[in-house]
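Presented below is the structure to which this report refers.
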Amino acid sequence: MNKKPFSIQKSESEWRENLNDDQFNVLREKGTEQPFTGKYNLHSEKGIYTCGACNFQLFKSDSKFDSGCGWPSFDKAQEGTVEYIRDKSSGMIRVEIICSNCGSHLGHVFNDGPTETGQRYCVNSLSIDFQKK
């Protein structure tokens, strides 16, 4: 994970106590869920999407769109809620997004979004929760 001190600090064992194995793999080990399998991929209720590890508010439902990529997609994050890290893994160069409150992996952001922001935040359903409005 990032070396920056985050507001939420937990040991690996503490994270393991609070997350199931799949969540731990995505949020703390930078894993990726299979496309089209996540519960928030086609989710369309109004509310706020929060970090699955620390409940920090990340995305508003009005920024969500169906990109057809198989993961929940947003065109912007709430200001100051995510950090951006250059990611050279998997034989490509991407921009990883992590929760600015706890440092957990959320997914990646791409410059191919269809809205005026031009952004597509591609997020694992396992890395977020939802609070209905």
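Throughout, read-outs are computed from the coordinates displayed, never taken from laboratory work. Note that this is a predicted model, so its numbers are computed, not measured. Every residue, glycine as well, gets a Cβ built from its backbone with ideal geometry; the counts of neighbours run over all protein chains shown.
Taking the mean number of other Cβ atoms within 10 Å as a proxy for protection, how do you rank 33-42, 8-17 from highest to lowest?
Going from most to least packed, we get 33-42, 8-17.
Cysteines in the chain lacking any other cysteine Cβ under 4.7 Å from their own Cβ: 69, 122.
Note on the range 14-80: Cα-only Rg and Dmax are 12.6, 35 Å. Taken as Cα centroids, the range 7-34 and the range 78-116 sit 17 Å apart, rounded to the nearest whole angstrom.
Amide H neighbours of residue 95 under 5 Å, counting only residues 5+ apart in sequence or on other chains, H built in-plane at 1.01 Å? Counting only residues 5 or more places away or on other chains, the set is 87, 109. Residue-wise HN-Hα couplings along the range 46-58, as the Karplus relation 6.51 cos²θ - 1.76 cosθ + 1.60 with θ = phi - 60° gives them from phi, are 8, x, 10, 9, 10, 5, x, 9, 10, 6, 5, 5, 10 Hz; Gly and Pro carry x. Size descriptors for the chain: radius of gyration and Dmax over Cα atoms are 13.8, 42 Å. Ellipticity at 222 nm from helices only: DSSP H runs of n ≥ 4 in the chain, each -39500 (n - 2.57), divided by the residue count, give -2500 deg cm²/dmol.
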